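What follows is a set of notes on a single structure, which appears directly below.
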Amino acid sequence: MTDKVIIVTGGSRGIGAATALLAAQRGYAVCVNYVSNREAADSVAGQIRAAGGRAITVAGDVSKEEDVLRLFTTTDQELGRVTALVNNAGILEHQSRLDTMSAERITRVLVANVTGSLLCAREAVKRMSTRHGGQGGAIVNLSSMAAKLGGPGEYVDYAASKGAIDAFTIGLAKEVAAEGIRVNAVRPGLIYTDIHASGGEAGRVDRLKDAVPMKRGGTAEEVANAILWLLSEESSYATGTFIDVSGGR
Ligand code: NAP
């Protein structure tokens, strides 16, 4: 068993895939979670194995408790006790104003982004906390600059879910700080991934990039670098804190 074991939720594409690949380079055995795109998850795990690393893929919807339980027990059995969790899986839906959003859509977004992250963190704490016989660990949550900017006219439901992630990061960090677990978050800005197509505008980053102080969108790898730093011993005195990876936006 490898000492360092990481679960990356939504590790099949975008920021999660970049994080899974970088974690493998840093010596983690990696569980690549995905919800439906098996081919993408297999590609990430295949790249890790081809470079000599250890990786498994586990399908599972983080908004479903039974899937989260299976994600963690499979990792226990195949890679060993988890030492790092990246709560990366997240969704947004078509750009729209609140006055046209259905209750079902709002619930889908909040459950996937908030409940999913809370359930995964709960399972990680049970395994990492010295209170439960664990050796400690680190959790990084994916928030968003939308938590500060609010997503008006596009997705205030998504922005609200990321505001909840910020509050949860601060609270859980304090709750488990004396039990060997650090909990931090990154707030990406405009990053080139598929998520913008999910909102109905694949070219959103290019439309908005001139309003970014650095005048460009970011890459998934630039976000992964911040995540891996927060997971590493180099950030050993940081908990309940945030890194905005947003080009100054
Ligand atoms: P993405 O390219 O759309 O990829 C989403 C990933 O999450 C995929 O691997 C997908 O799996 C997985 N996923 C979606 N719903 C899931 C569920 N219910 N259970 C498990 N996995 C699920 O997204 P991204 O842009 O990389 O975003 C990653 C995180 O960063 C999200 O939390 C997002 O809110 C945050 N973020 C992104 C940006 C940005 O500009 N890209 C900015 C701020 C914050 P499949 O491949 O199986 O579909």
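With a cut-off of 12 Å on the backbone N, no residue of segment 152-182 is near the modelled label site 7 Å out from H132 along Cα-Cβ.
Given 0.36 nm per residue, what is the gain on full extension from R81 to R122 after removing their alpha carbon distance, in nm?
On the way: separation 41, 0.36 × 41 = 14.76 nm, distance 1.41 nm.
Length difference between fully extended and current span is 13.3 nm.
Can you figure out the FRET efficiency of Q47 with T100, using R₀ = 41 Å and their beta-carbon distance, to the nearest 0.05? Working shown, then result.
Details: r = 41 Å, r/R0 = 0.99.
Efficiency, rounded to the nearest 0.05: 0.50.
How many percent of the accessible area of segment 5-245 is carbon or sulfur, using a 1.4 Å probe?
Details: 5470 of 10480 Å².
Summing carbon and sulfur atoms, their accessible area is 52 percent of the total for segment 5-245.
Ordered by solvent-accessible area of protein heavy atoms (1.4 Å probe), largest first, the residues T83, T9 come out as T83, T9.
Scanning the chain for helices, which whole DSSP H stretches are 27 Å or more long along the axis (Cα) and average -1.0 or more by Kyte-Doolittle? Write out the running numbers ahead of the final one.
Numbers: long enough: 156-176 (30 Å, 0.53).
Passing helices, by number: 156-176.
Extent along the principal axes, Cα only, for the chain: 48, 39, 35 Å, with the longest axis given first.
Below 14 angstrom from the Cβ of T83, what's the summed charge of the other residues (Lys, Arg +1; Asp, Glu -1)?
Values: positive: K4, R26, R54, R81, K126, R127, R182; negative: D3, D76, E123, E179, E233.
Charge balance near T83 sits at +2.
Label zone (W229, point 7 Å along Cα-to-C-beta; backbone nitrogen cut-off 19 Å) within segment 180-201: 182-192. Per residue, the solvent-accessible area of segment 46-189 (1.4 Å probe, heavy atoms of protein chains only, all protein chains present) comes to 42 Å². In terms of its C-alpha gyration tensor, segment 101-249 comes out oblate, because a/c is 1.5 or above while a/b does not outweigh b/c.
Take the Cα of E201, step 7 Å toward its Cβ, do the same at A177, and the gap between the two points is 3.9 nm. Across the chain, the relative contact order, built from alpha-carbon pairs under 8 Å that are at least six residues apart, equals 19 percent. For the chain, the dipole from Cβ point charges (+1 on Lys and Arg, -1 on Asp and Glu) about the Cα centre works out to 320 debye, to the nearest 20. Within the straight-line cut-off of under 20 Å between alpha carbons, the lysines reachable from K64 are K126, K162, sequence neighbours fewer than 8 places apart in one chain being disregarded.
The values are calculated or read from the model by the stated rules, or taken from the named source; none is laboratory data. All figures in this text were calculated on a predicted structure; none of them were measured in a lab. All Cβ positions, glycine included, derive from the backbone under ideal geometry; neighbour counts span all protein chains shown. Heavy atoms of the whole protein, side chains included, go into the accessibility calculation; ligands, DNA and RNA do not. Shrake-Rupley method; radii C 1.70, N 1.55, O 1.52, S 1.80 Å.
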